[in-house]
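Below you'll find the structure, written out as structure tokens, and then a few comments.
The values are calculated or read from the model by the stated rules, or taken from the named source; none is laboratory data. Quantities reported herein were computed from a predicted structural model and do not represent experimental measurements. Counting neighbours? That spans all protein chains shown, and the Cβs are built from the backbone with ideal geometry, glycine included.
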Amino acid sequence: MENAFNLLVEKLTNWFNQIILLLPNLFVAAIIIVLMFVFARNIRKLSHKVIGRFTANLPINNFITGVIHYSLLLTGFVLALSILHLDKAVTSILAGAGVLGLALGLAFQNPIKNTVSGFIMSYRKYYNIGDRVETNGFYGTIEHIGIRVSELRLTTGELVILPNDFIVNETFKNISSTTKRALVINVGVSYHDNLEKVEQVVKETISNQVEHLKTEDIEVYFKEYDSSSINLMLRFWIENLSDKHYQQTKSNAIIAIKKAFDKNGITIPFPIRTLDFGSSGGEKIAGIMSSAKPGKPTVE
């Protein structure tokens, strides 16, 4: 019993002595952690300002500054463990972090790709909030640009959330990238109409009755001989203000062209289908009509 007590006292004494010896190292390690915490916080504020000069995307800015901040804290923690002569613990932590990072990389492959795509979009500035874009079969206005996803408000009111990787790796069209926009209208006229007159009427109608940019030409091109019409393409330019403005101007142009055609005797033909009831094995429609006798219908 006495021997066990002596061993316990000896063990406690050794631990106490080791703690006393480690006090200077503990003090230095604590100072390093505190200093690194203050340093990381100041660097985070500074990097937030610096990165803000290159991108106005706040989520991406916060993400980068967050990575810098926590990397500095991790560095201070590893230095503190090294001062305490816990090298084996440091090695184990780094090894574990590597394995964990590989596992997380495989598990979150798509989110990582979307995040990287968000960085690319921020650097290249593909579009800004409020731009009208067409991508992945959707057309609408950008309402939010995040690190992983962007939000697109369709003209019909629905909100579409698109992963950034879809936008970077797919073709998209930014309607708001220019101050003017071409308006194209296709229409067919009869084979009996004078094409020179048609072109003149169309150009005069757009020039006098429809809003357009005076600095750009009004273009009319006859494209093809169709089954029942000669098709033409009208193209003129308007200010790129909004989707509503574009659609309203197009509607006004269609109405004006129809009125002008009616006034000038220009025909917009439509397909005509002839039905033949006199096919082989059948009875002529004229014969059916002549054999029919007038009378009241019977109801069975």
Kindly list, by first and then second residue, each pair from a residue in the range 73-84 that is of a type in the set (V, I, T) to a residue that is assigned to a helix (DSSP H, G or I) and modelled with pLDDT of 75 or more, limited to pairs with Cβ atoms under 8 Å and residues at least 6 apart or on different chains.
-> T75/M36; I83/V28; I83/A29; I83/I32
Restricting the search to the range 134-173, which residues are under 9 Å from the mean Cα position of the chain (by Cα) and loosely packed, with under 13 Cβ neighbours inside 10 Å?
-> I161
Would you check if there is a residue in the range 56-71 being closer than 26 Å to S150 by Cα, modelled with pLDDT under 85 and small (G, A, S)?
-> yes
Of all residues in the range 210-224, which are surrounded by fewer than 13 Cβ atoms within 10 Å (Cβ to Cβ) and in a loop (DSSP other than H, G, I, E, B)?
-> K214, T215, D217
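Being over 21 Å from N136 (Cα atoms), modelled with pLDDT of 90 or more and surrounded by fewer than 13 Cβ atoms within 10 Å (Cβ to Cβ) is true for just one of S207, S190, S227. Which residue is that? Before the answer, list the steps.
Details: S190 fails: surrounded by fewer than 13 Cβ atoms within 10 Å (Cβ to Cβ); S227 fails: modelled with pLDDT of 90 or more.
Answer to the check: S207.
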Does any residue of the range 243-263 turn out to be in a helix (DSSP H, G or I), of a type in the set (K, R) and under 21 Å from T155 (Cβ atoms)?
-> yes
